[in-house]
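Written below as structure tokens is the structure these notes are about.
Please treat every number below as a calculation from the coordinates, not as lab data. These numbers were taken from a predicted model, which means no experiment stands behind them.
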Amino acid sequence: MAHGAHHSPLLTPRPDLELARECEMCLGWGTVVTRDGDHELCRTCQPLPEDDEAVARPDA
């Protein structure tokens, strides 16, 4: 039996599609889906939001 997507209180992040256009990681979508099923901005083509400067990426 098929199940629908889980309802999340968080909105899907808004990517800059101009930056994502030629990205091979996200295939131009600007977001990727994690193993948990959450949408995140693509780390390859999308910059960190300016208000999150103090937050370092785990791979940095």
Can you give me the long-range amide H partners of residue 31? Hydrogens built in the peptide plane at 1.01 Å from N, cutoff under 5 Å, separation of 5 or more residues or another chain.
42
How large is ³J(HN,Hα) for each residue in the stretch 13-30, as worked out from phi by the Karplus curve 6.51 cos²θ - 1.76 cosθ + 1.60 (θ = phi - 60°), to whole Hz, x for Gly and Pro?
x, 9, x, 8, 5, 5, 6, 7, 3, 9, 6, 7, 6, 9, 6, x, 7, x
